[in-house]
Amino acid sequence: MMAFRNVVFAGGGSRCFWQLGFWEGAIQSGLDLRSSVKFVGSTSAGCAMASAAMLDRSTTALNLFKDLTAKNPRNIHWQNLNPLRKAPLLPHARMYREALELLFGPDDLPTLNRISMHFLMSGAPKWLSGPASAALGLSIYGLEKAFSNPIHPKWPKLAGFRPIVGRAADCKTVGEYINLVLAASRIPPLLPEGRHENEDVLDGGLIDNVPTLLTTDEPGKTLVLLSMRYESSLPSRPRMTYVQPSKPIKIDKFDYANPDGLQETFELGLVDGMRFAQENRPQPQLRSGRARERLEAIG
């Protein structure tokens, strides 16, 4: 069985529940990720999924977010355009924070810190700041996705956006940890929270939505969990194995009102993880021709 020391969780919003399903399916079929993984790199919603996986709370996270989304009838609350209402037009930020606060508690920080966990964020170009930087970064990222949909985007970096890395080990409280996850997921106006070391940051997916760059100095093999199916061939890199959903995921990454879609996404990951583990089991090696003959006679 392949032993992975490192794992990368791509961003992808609600689609990332495929990753949790894959994680559980692979473990159930014999891939010993719980003991072999020593380093985790992630960004955006992948940070929340990675945290749930490291705490052995994949199904807990799924059921928790299913409950929250079942109570949310739609993704845009048009009635809140009424100036007399105080509630937000978009429920995503409130729901994401609520989910994280329900999922993680003060006693979880030592467990999370036993594994080296790095989260990727994006810093604005030196020549631009404020809302304009977010608008520019998201526009460039969207254009590149529309034209070529690369696994590893390049355009935002060419425009001057900078990688910023936050470490779970630097968080003194679970509140700081939750703020770090939110900062790595910041996509205004849907998810507007995001500061790191007194700097406004953006979703790390602008730099690389599949942040394998975080594993550059890490030894051992790396398992890369994507969150969507790509038409192009997956990268072939030494000591790195990319896995993707076996079929397109139906739920939209910003769909926070579709508990059935979350369940379907998780179940697809479960099946894909089981298949991956089964296909990568080592074949038994017979030590001698005589041993082979005895097995054939028994068969």
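Every number in this text was worked out from the coordinates using simple rules, so none of it is lab data. None of these values were measured; they are calculated from a predicted model. Reconstructed Cβ throughout: ideal geometry from the backbone, glycine too, with neighbour counts over all protein chains shown.
Using per-residue counts of other Cβ atoms within 10 Å, averaged over each peptide, order 39-51, 263-275, 189-201, 90-102 from highest down.
Details: 39-51: 28.2, 263-275: 20.5, 189-201: 15.6, 90-102: 18.0.
Listed from highest to lowest mean packing, they are 39-51, 263-275, 90-102, 189-201.
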Take the chain, connect every pair of alpha-carbon atoms lying under 10 Å apart with a spring to form a Gaussian network, then pick out the residue of Leu182, Leu103, Leu84 with the largest mean-square fluctuation. Leu84
Put a dot 7 Å past each Cα toward the Cβ at Leu213 and Asp107; how far apart are the dots in nm? 3.9 nm
Stretch Ala3-Arg162 to full length: gain in nm at 0.36 nm per residue minus the Cα-Cα span? 54.0 nm
Please sort through the DSSP H helices of the chain and keep those with an alpha-carbon extent of at least 27 Å along the long axis and a Kyte-Doolittle average not below -1.0. 259-279
Listed pairs Lys154/Lys250; Lys66/Lys253; Lys126/Lys157; Lys71/Lys247; Lys38/Lys221 exceeding 18 Å between Cα atoms: Lys154/Lys250; Lys71/Lys247
Only helices counted: for the chain, with every DSSP H run of 4 or more residues adding -39500 (n - 2.57) and the sum spread over all residues, [θ] at 222 nm is -12000 deg cm²/dmol
Using per-residue counts of other Cβ atoms within 10 Å, averaged over each peptide, order 169-175, 204-210 from highest down. 204-210, 169-175
Note on the chain, DSSP bridge orientation, antiparallel percent to nearest 5 equals 45 percent
The chain, Gaussian network, Cα under 10 Å: of Ala135, Ala26, Ala168, the residue fluctuating most is Ala135
